[in-house]
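The values are calculated or read from the model by the stated rules, or taken from the named source; none is laboratory data. Remember, it's a predicted structure, so these values are computed and weren't measured experimentally. Cβ placement follows ideal geometry from the backbone for every residue including glycine, while neighbour counts extend to all protein chains displayed. Surface accessibility is based on the protein's heavy atoms, side chains included, excluding ligands, DNA and RNA. Shrake-Rupley method; radii C 1.70, N 1.55, O 1.52, S 1.80 Å.
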Amino acid sequence: MRLKPGLSDAQRERAIGLVREAVRMPQWKLSGGATYVVTGVPVLAGDLSDALSGSALRLAAGRRRGLMAIVLALLFRSRPRLLPLMIALAACAVVFGGLSAFGLPLTMASIAVVPVLLGLAVDYAIQYQSRV
């Protein structure tokens, strides 16, 4: 079966969910231990996006935070060594909180912005801290 073109994300997810529920129903069970596989571009794209969104964000944010914390702790002699990192994390929280507040989805493109946002925020915070 093919989904109608022009479905919204919510409608497409609901349709895929309904198809997955239908193939699990006992009256549609195949003989001989065979199973149904729900597949296709919308299914694969949705599943891949869901899987990558969560794992990529956790992985990228965790490693970068640790590396930046180590570098800042080694390079700065002043007391608030991790202040630039805290400012950068606050900037990321504001950006992704704004996305959520406006109901915008978390896509791979928005996740790709995280390293750029962290880098710029830390850079500006380091420059400001070194001048003050």
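Some notes on this structure:
- Kyte-Doolittle mean at least 0.5 and Cα axial length at least 20 Å: DSSP H helices in the chain: 41-75, 83-101, 108-131
- Computed from the C-alpha gyration tensor, the three semi-axes of the ellipsoid equivalent to segment 70-132 are 27, 11, 9 Å, from longest to shortest.
- Each of 112, 48, 71 was placed along the dipole of the chain (beta-carbon charges, centred on the mean Cα), and the one lying farthest toward the positive end is 71.
- Charge dipole (Cα centre; +1 on Lys/Arg Cβ, -1 on Asp/Glu Cβ; no other charges) of the chain amounts to roughly 320 debye.
- Taking 0.36 nm per residue of separation and subtracting the current Cα-Cα distance, fully stretching the chain between residue 93 and residue 28 would add 18.8 nm.
- Accessible surface of the chain [probe 1.4 Å, protein heavy atoms]: carbon and sulfur percent: 66 percent
- Binned Cα-Cα distance frequencies in the chain - 10 Å width, integer %: 10, 29, 23, 16, 12, 8, 2, 0
- With protein chains left intact and a 1.4 Å probe, residues in the chain average 75 Å² of accessible area per residue.
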